[in-house]
Amino acid sequence: MGQGDGELLDADRLFEIVTPHSEVKAIFYGHSHVWSLTERDHLKLINLPAVGYNFADKEPVGWVDSIFRPNGVDLTLHAFAGNRNEDGKKFVINWV
């Protein structure tokens, strides 16, 4: 995460704080209008989609249902506008 407009300027500090804590499995965040599932160190990074409008046609507009399990989370994307190619798709995120 860099110094661009809208990016978290102290992201490295955030990871310094949470990475040593093995009980932290994931970080859910948004406000970037980008739907993505990535990973840094042992942390799953879930960037939630825009709920009102997207900044790019390739991005969905919608919400994500989440069902948490002891070893992960099942996510289902509900896209009602923008890129709807993954509408209804389930994403299984596992952690140890």
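Check Lys44, Lys58 and return the single one that is basic (Lys, Arg) and in a strand (DSSP E or B).
Sole residue among the options that is basic (Lys, Arg) and in a strand (DSSP E or B): Lys44.
Of the conditions (1) in a strand (DSSP E or B); (2) closer than 26 Å to Val18 by Cβ; (3) among the hydrophobic types (A, V, I, L, M, F, W, C), Ala79 satisfies every one except a single condition; which number is it?
(2)
So how many residues does the range 55-88 have that are among the aliphatic types (A, V, I, L, M) and closer than 13 Å to Ser36 by Cα?
Going through the range 55-88 one residue at a time, the tally reaches 4.
Picking from Pro49, Pro70, which residue would you name as being under 24 Å from Lys25 (Cα atoms) and free of Cβ contacts under 8 Å to residues at least 12 places away in the same chain?
The match here is Pro70.
What do you reckon, is Trp95 modelled with pLDDT of 95 or more, among the aromatic types (Phe, Trp, Tyr) and either in contact with a strand residue (DSSP E or B) (Cβ under 6 Å, 6 or more places away or on another chain) or surrounded by 15 or more Cβ atoms within 10 Å (Cβ to Cβ) (or both)? Reasoning before the result, please.
Details: modelled with pLDDT of 95 or more: no; among the aromatic types (Phe, Trp, Tyr): yes; either in contact with a strand residue (DSSP E or B) (Cβ under 6 Å, 6 or more places away or on another chain) or surrounded by 15 or more Cβ atoms within 10 Å (Cβ to Cβ) (or both): yes.
The answer is no for Trp95.
The values are calculated or read from the model by the stated rules, or taken from the named source; none is laboratory data. If you're wondering where the values come from, they're calculated on a predicted model, not measured in any experiment. Please note: Cβ atoms are built from the backbone with ideal geometry, for glycine as well, and neighbour counts cover all protein chains shown.
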